Amino acid sequence: MFYLYKSWRICYKKAISLVAREDENGPMSQIAAVLTKAIALFLAFFSIVILCRPLSAQEKVQLKEVRIQGNLRVEEDGIRLHLKARPGDLFDPAVVDQDVKGIYRMGYFDEVKAELSPEAVLTYVVKEKPYVKEVKIQGNSQLGKDKIETALGVNPRTILDRDKVAEGVERVRKLYGEQGYLNATVDFSIVSVENNQAVVHLDIDEGARLLIQRLSFEGNRAFPDSDLKGLMATKEKWFLSFITNRGVLDRDILTNDIAILSSHYYDHGYINHKIDEPVILKQRDGLEVVIRIEEGEQYRVGKVEIGGDLIEDAEALLKKVELTTGQIFRGSRLRNDLNKLSELYSDKGFAFAQVEPVTRVKAAEKAVDVALLITRGPPVYFNRVVVAGNTKTRDKVIRREMEVAEQELFSGERV
């Protein structure tokens, strides 16, 4: 509404200036002034009517031709596969917008725009991404060019993707870090050359190689450093590190080592332990990896119960499990008991039996009560027994030696 009012004011002033000008000898007469204002109002109203025509009315143009312009290497037919606008169609901005997005999604162009000429010719103007003419690497001495190129993933005679170049450079930095060159810097630049091509430059400063000089622990009382180090794949450097790469810091391996340490503590009753993210310290002679541990209290097994769908007496089933009251609570022992009960039910025909552990921690007693709840499910029978691959021995000879038969209860042990 404000836009229309502003347009009316502009048109009105223009009309006044066009129709009425002050006479050289004096001001206009009163009649001339009234007439001038009337004409000005008419012209302003006429202008507003023109301005307010629906956009759709202006866009009802039948396309005579759809052209592609600016493509050098990408085939025109390939681009047209992504177009919906066709000669003979009415011009539709929504369709053109979809076409532009479709061409962009091809991944070959930096710029895409659409132009409609007065002759109803719709032209999609594209600017292709440069081609990689060459990849130049300088500054590398400890890592071979082949390894760097593989990590970079940018090859000559391919379309340049700046995001992929940046991702590849990050992989090269990680590669240096995995080899102990934590201070390595990898910079890149892209230089445009003739024929819409580009040269990718990698400038590398490897720096000194840093190995793990010390692997230390804080807060461990239950296990000495030597025991914990023995569980880890991350090791301190030694005199043959230049051959074996021992002592190289690999953060992925270190993360897995922390998971192994955590499992070790949990399997020895320290169910509330906490292991912090390792701290990496750069020293003059190498790296120090510090692992801080909060062990917490050691817990033992409290009451052990079995419930649910029982195929034997509860006391008889309890004799088949390893968990007993007073033992150090071990996660591995609990997992073994779950597998034993599942196999027992499977041998009795309940192939899909589930055993769920329910634990209750009693902090005051430093004990964990365990209830094993069993859902046996429906019994399962062998439907068909198929013998395949026998070319010399008959089926009945093989079946005679088998312990399973069709329509019998399933048994995992007999299978």
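The values are calculated or read from the model by the stated rules, or taken from the named source; none is laboratory data. Values in this document were obtained by computation on a predicted structure and should not be read as measured data. Don't worry about glycine lacking a Cβ; one is built from the backbone with ideal geometry, like all the others, and counts go over all protein chains shown.
Among the numbered conditions (1) crowded, with 16+ Cβ neighbours inside 10 Å; (2) touching a residue at least 40 places away in the same chain (Cβ under 8 Å); (3) small (Gly, Ala, Ser), tell me where Gly307 comes up short.
Only one criterion is unmet by Gly307, namely (1).
Pick from Lys366, Lys348, Lys362: which is closer than 19 Å to His273 by Cβ and either touching a Phe, Trp or Tyr at 6+ places or on another chain (Cβ under 8 Å) or crowded, with 16+ Cβ neighbours inside 10 Å (or both)?
Result of the check over Lys366, Lys348, Lys362: Lys366.
Take the conditions at pLDDT below 90 and crowded, with 16+ Cβ neighbours inside 10 Å and apply them to Gly180. Does it pass?
The answer is yes for Gly180.
Please note which helices (runs of 4 or more DSSP H) are completely contained in segment 175-289 and include at least 3 residues that are over 29 Å from the mean Cα position of the chain (by Cα) and touching a residue at least 12 places away in the same chain (Cβ under 8 Å).
In segment 175-289, 225-231, 251-266 are the helices (runs of 4 or more DSSP H) which contain 3 or more residues that are over 29 Å from the mean Cα position of the chain (by Cα) and touching a residue at least 12 places away in the same chain (Cβ under 8 Å).
Counting just the residues of segment 180-239 that are of a type in the set (D, E, K, R) and in contact with a Lys or Arg (Cβ under 7 Å, 6 or more places away or on another chain), which one comes out farthest from Asn155 (Cα to Cα)?
Going through the qualifying residues, I end up with Glu218.
Looking at segment 184-195, which of its residues are surrounded by fewer than 15 Cβ atoms within 10 Å (Cβ to Cβ) and either out of contact with any strand residue (DSSP E or B) (no Cβ under 8 Å at 6 or more places or on another chain) or of a type outside the set (D, E, K, R) (or both)?
Within segment 184-195, Thr185, Ser189, Ile190, Val191, Ser192, Val193, Glu194, Asn195 meet the criteria.
Which of (1) within 24 Å of Ala259 (Cβ to Cβ); (2) assigned to a strand (DSSP E or B); (3) small (Gly, Ala, Ser) does Gly307 not meet, given it meets every other one?
(1) is the only condition that Gly307 fails.
Given the residues Gly308, Gly302, Gly377, which is the only one that is over 38 Å from the mean Cα position of the chain (by Cα), at pLDDT 95 or above and of a type in the set (Gly, Ala, Ser)?
Values: Gly308 fails: at pLDDT 95 or above; Gly377 fails: at pLDDT 95 or above.
Only one candidate qualifies: Gly302.
May I ask you to list the residues in segment 91-108 that are touching a residue at least 24 places away in the same chain (Cβ under 8 Å) and touching an Asp or Glu at 6+ places or on another chain (Cβ under 8 Å)?
Quick first cut of segment 91-108, residues touching a residue at least 24 places away in the same chain (Cβ under 8 Å) only: 91-93, 96, 99-100, 103, 106-108.
Correct list: Phe91, Asp92, Pro93, Gly107, Tyr108.
Only one of (1) loosely packed, with under 14 Cβ neighbours inside 10 Å; (2) in contact with a strand residue (DSSP E or B) (Cβ under 8 Å, 6 or more places away or on another chain); (3) not in a loop (DSSP other than H, G, I, E, B) is not met by Asp163, so which one is it?
(2)
Given the conditions (1) among the aliphatic types (A, V, I, L, M); (2) buried (at least 18 other Cβ atoms within 10 Å of the Cβ); (3) over 15 Å from Ile271 (Cβ atoms), and given that Ala371 satisfies all but one, which numbered condition is not satisfied?
(2)
Would you check if there is a residue in segment 118-129 being touching a residue at least 24 places away in the same chain (Cβ under 8 Å), surrounded by 15 or more Cβ atoms within 10 Å (Cβ to Cβ) and outside any strand (DSSP E or B)?
yes
If you check Val74 against the conditions, is it within 13 Å of Val125 (Cβ to Cβ) and either of a type in the set (Lys, Arg) or crowded, with 16+ Cβ neighbours inside 10 Å (or both)?
On the way: within 13 Å of Val125 (Cβ to Cβ): no; either of a type in the set (Lys, Arg) or crowded, with 16+ Cβ neighbours inside 10 Å (or both): yes.
Criteria not met by Val74.
For segment 294-304, name all the residues that are under 28 Å from Asp337 (Cβ atoms) and assigned to a strand (DSSP E or B).
Scanning segment 294-304 gives Arg300, Val301, Gly302, Lys303, Val304.
Can we say Lys396 is modelled with pLDDT under 90 and either under 30 Å from His273 (Cα atoms) or surrounded by fewer than 12 Cβ atoms within 10 Å (Cβ to Cβ) (or both)? Lay out the reasoning, then the answer.
On the way: modelled with pLDDT under 90: yes; either under 30 Å from His273 (Cα atoms) or surrounded by fewer than 12 Cβ atoms within 10 Å (Cβ to Cβ) (or both): yes.
Yes, satisfied.
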